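Remarks on the structure that follows.
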Amino acid sequence: MNKARLIITAINVEQLTQDEAARRYGVSQSWVSKLLTRYKHEGEAAFTPKTRRPHTTPTATPQSTIDLIREIRATL
């Protein structure tokens, strides 16, 4: 059982407060709050880890530039 599921179960079954659960399991109260919010919105899906990969890469080279480089390399 992962820690997130354990904390949610303790809060729901044992009627622990967020502060009590955070102290008992050695995590921050803000993380417990975020976990509860995710659980209320997503249900069981809240227990799966979220990706930390960014949604966008603003410094990425534009596709048009990549295509131009490939075209120039092909002619060399």
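From the set of residues in the range 1-21 that are among the aliphatic types (A, V, I, L, M) and closer than 20 Å to Lys50 by Cα, which is surrounded by the most Cβ atoms within 10 Å (Cβ to Cβ)? Let's see the steps before the verdict.
Here is the first cut: in the range 1-21, the residues among the aliphatic types (A, V, I, L, M) are 1, 4, 6-8, 10-11, 13, 16, 21.
Retained after the next criterion (residues that are closer than 20 Å to Lys50 by Cα): 1, 4, 6-8.
Values: Met1: 7, Ala4: 19, Leu6: 14, Ile7: 22, Ile8: 19.
The residue in question is Ile7.
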Review point. Any idea which of Leu68, Leu36 is on the phi < 0 side of the Ramachandran plot, modelled with pLDDT of 95 or more and assigned to a helix (DSSP H, G or I)?
Key: Leu68
Study note, to complete from the structure: Picked from the range 43-65 (must be assigned to a helix (DSSP H, G or I) and within 15 Å of Ile7 (Cβ to Cβ)), the residue farthest from the chain's Cα centre (by Cα) is Glu44
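Can you tell me how many residues in the range 2-33 are of a type in the set (Ser, Thr, Tyr) and assigned to a helix (DSSP H, G or I)?
If we filter the range 2-33 for residues that are of a type in the set (Ser, Thr, Tyr), which is where we start, we get 9, 17, 25, 28, 30, 33.
Among the residues that remain, those that are also assigned to a helix (DSSP H, G or I) are: 9, 25, 30, 33.
Counting residues in the range 2-33 that are of a type in the set (Ser, Thr, Tyr) and assigned to a helix (DSSP H, G or I) gives 4.
The values are calculated or read from the model by the stated rules, or taken from the named source; none is laboratory data. Everything numeric here is computed off the predicted structure, so don't read it as measured data. As a convention, Cβ positions derive from the backbone with ideal geometry for all residues, glycine included, and neighbour counts pool all protein chains shown.
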